[in-house]
Amino acid sequence: MLELNKDNFEAEVLQTEGTVLVDFWGSKCEPCKALMPDVERLAEQYGDKIKICKLNTTDNRRLAISQKVLGLPTFIIYKNGERIKEISGAENCTPDAIEALIKENI
Amino acid sequence: MSKIYDVAIVGGGPAGLSAGLYASRSKLSSIIIEKGKWGGQAATTEELENYPGSIEHPTGPKLMDRMKAQAEAFGTEFVKDEVTGFELSEDIKRIRLSNGEIQARTIIIATGAQPMLLGAPGEMELRGKGVSYCATCDADFFTELEVVVVGGGDAAVEEAIYLTRFAEKVTIVHRRDEFRAAKSIVAKAMENEKIDIIWNTVVEEIYGDGIVEGVKLKNAQTGEVTDFRTDGVFVFVGTKPIAEFAKGVVDMNEKGYILGDEEMRTSAEGVYVAGDVRVKSLRQVITAAADGAIAATTAERYIEEKFHKLKR
Ligand SMILES: Cc1cc2nc3c(=O)[nH]c(=O)nc-3n(C[C@H](O)[C@H](O)[C@H](O)COP(=O)(O)OP(=O)(O)OC[C@H]3O[C@@H](n4cnc5c(N)ncnc54)[C@H](O)[C@@H]3O)c2cc1C
């Protein structure tokens, strides 16, 4: 799964044709870390239809805030660089909900 | 999968993990089903100073890692899935999962609790954009910024203290004129120069254009509403039980907490309850762990009597 940072976010997400899902996570966010294996699995499963990437907000705080993300876990769908849909919070970001988010947008 | 477990434990927080430890130590086959993160709520707090023996490394995630490893060492199995319901029969109980089914002789429900919402306008819209229910998850974002903490119990005051490691200023807004939190924690908060407290006040509204910009505060005595600028709002106003999936199977009180007796028996035979999801007065890691131990022991006795299982 592609790791985003401040140097590649613009090119890989905002300037990209097609659909991108970004997993905003953090080093101290236990729910985020618990979700990661499921996200890796979904990235494998849907990798040919949607680009799934992750962004460590602990190392990229300003970038996350620029995307108006101030809470974890958060998953955002971008289509042709435009943000389309998002889910946030440990109760809402279940593996099933993330998969549904992907399916709705491919 | 046709394996029949002695004990199926729903929820992998401190209650479930200690139930697993006690069950597997008694040579019962046991499995814990967890839908989210191992360690439950306890894995989301850094400040965990009141669990005996955890003074050296008093963080929730570390303590919970050790609890899980200990249950695992004695043979408890773990599965990541969500329990959606039960089918109970005398001998074998079926536990329905999102992706399958598990069969067991007994069930321990240890599904814990989740944060209660404030119920203020703006809260839902600004979730993940400055409204938070998890300080360890989100504190980072507020480095050198200002945040409001809503609530007056242990969790609110402890997490406010934790947040001062990041935020420039932390303002606790509490609807009463004193905290419910333990005296020692309150004293620590009072001494902390980064913490301000606004008493007798409720958050009427959270507002902001895309991210939190401030809150409207209402004085509970005078009714006066004031504007308060802030970058984040952390809500710790109590918890509610996670027990929807067990409705109609076991008896609950009016708030949806499951009723259990001293031995953790519920109204359904062979079904036990442990931890925060149970009707009780002190919801903490230590009482959750104690409940789990008792529930597993009661399950063991039941299995021995009911199934004449010869052991050892
Ligand atoms: C911010 C905060 C700070 C705290 N600080 C302290 C402290 O300092 N000291 C202290 O002693 N206590 C503290 N507590 C309280 C303590 O965390 C809880 O009392 C304890 O975690 C309860 O344990 P439990 O196992 O009953 O439930 P939980 O920890 O809530 O675990 C239940 C688990 O069950 C899972 N689950 C729920 N439904 C299902 C389902 N249908 N299928 C599968 N799995 C399911 C959940 O995902 C969860 O992981 C704090 C709580 C919070 C929120």
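Structural remarks
- Screening A:GLU86 with (1) of a type in the set (Asp, Glu); (2) under 20 Å from B:GLY128 (Cβ atoms); (3) not in a strand (DSSP E or B) gives one miss only, at (3).
- Single residue of region A:48-63 satisfying the filter (more than 10 Å from every other protein chain (Cβ to nearest Cβ) and within 12 Å of the chain's Cα centre (by Cα)) that is most open to solvent (accessible area, probe 1.4 Å): A:LYS51
- Within region B:192-216, considering residues that are out of contact with any Lys or Arg (no Cβ under 6 Å at 6 or more places or on another chain) and closer than 19 Å to B:GLY238 by Cα, the one surrounded by the most Cβ atoms within 10 Å (Cβ to Cβ): B:ILE206
- Here B:GLY260, B:GLY275 are screened, and the one residue that is assigned by TED's automatic domain parsing to the domain that holds B:ASP91 and at positive phi is B:GLY275.
- Qualifying residue in region A:24-47 (condition: crowded, with 16+ Cβ neighbours inside 10 Å, within 13 Å of the chain's Cα centre (by Cα) and of a type in the set (Ser, Thr, Tyr)): no
- Residue in region B:246-256 that is among the polar types (S, T, N, Q), outside any loop (DSSP other than H, G, I, E, B) and away from chain A (no Cβ under 14 Å) present: no
- Among the residues of region B:243-260, just one is in contact with a helix residue (DSSP H, G or I) (Cβ under 9 Å, 6 or more places away or on another chain) and open to solvent by 40 Å² or more (accessible area, probe 1.4 Å), namely B:MET252.
- Residue in region B:151-170 that is within 29 Å of A:ASN60 (Cα to Cα), within 12 Å of chain A (Cβ to nearest Cβ) and of a type in the set (Val, Ile, Thr) present: no
- Restricting attention to region B:126-146, the residues that are more than 10 Å from chain A (Cβ to nearest Cβ) and either touching a Gly at 6+ places or on another chain (Cβ under 9 Å) or within 25 Å of B:ASN200 (Cα to Cα) (or both) add up to 1.
- Positions within region B:65-122 being open to solvent by 50 Å² or more (accessible area, probe 1.4 Å), aliphatic (A, V, I, L, M) and either within 14 Å of the ligand (Cβ to nearest atom) or farther than 28 Å from B:LYS280 by Cα (or both), in sequence order: B:ALA73, B:MET116, B:LEU117
- Just one of the listed residues (B:ALA189, B:ALA167, B:ALA139) is outside any strand (DSSP E or B), over 13 Å from B:PHE234 (Cα atoms) and open to solvent by less than 10 Å² (accessible area, probe 1.4 Å), and it is B:ALA189.
- Residues of region B:92-109 satisfying the condition of being out of contact with any Gly (no Cβ under 9 Å at 6 or more places or on another chain) and either part of a loop (DSSP other than H, G, I, E, B) or over 24 Å from A:PRO95 (Cβ atoms) (or both): B:ILE92, B:SER98, B:ASN99
- A count restricted to region B:23-41 and to residues that are under 15 Å from the mean Cα position of the chain (by Cα) and open to solvent by less than 10 Å² (accessible area, probe 1.4 Å) stands at 1.
- Failed condition for B:GLY53, given (1) without any contact (Cβ under 8 Å) to a residue 12 or more places away in the chain; (2) within 7 Å of the ligand (Cβ to nearest atom); (3) of a type in the set (Gly, Ala, Ser): (2)
- Just one of (1) assigned to a loop (DSSP other than H, G, I, E, B); (2) within 13 Å of another protein chain (Cβ to nearest Cβ); (3) modelled with pLDDT of 95 or more fails for B:LEU28. It is (2).
The values are calculated or read from the model by the stated rules, or taken from the named source; none is laboratory data. Predicted model, so just to flag it, every value in this text is computed and none were measured. Methodologically, a virtual Cβ is constructed for each residue, glycine included, from the backbone with ideal geometry; neighbour enumeration extends over all protein chains shown. To get the accessible areas, we keep the full protein, side chains included, count just its heavy atoms, and leave off ligands, DNA and RNA. Shrake-Rupley method; radii C 1.70, N 1.55, O 1.52, S 1.80 Å.
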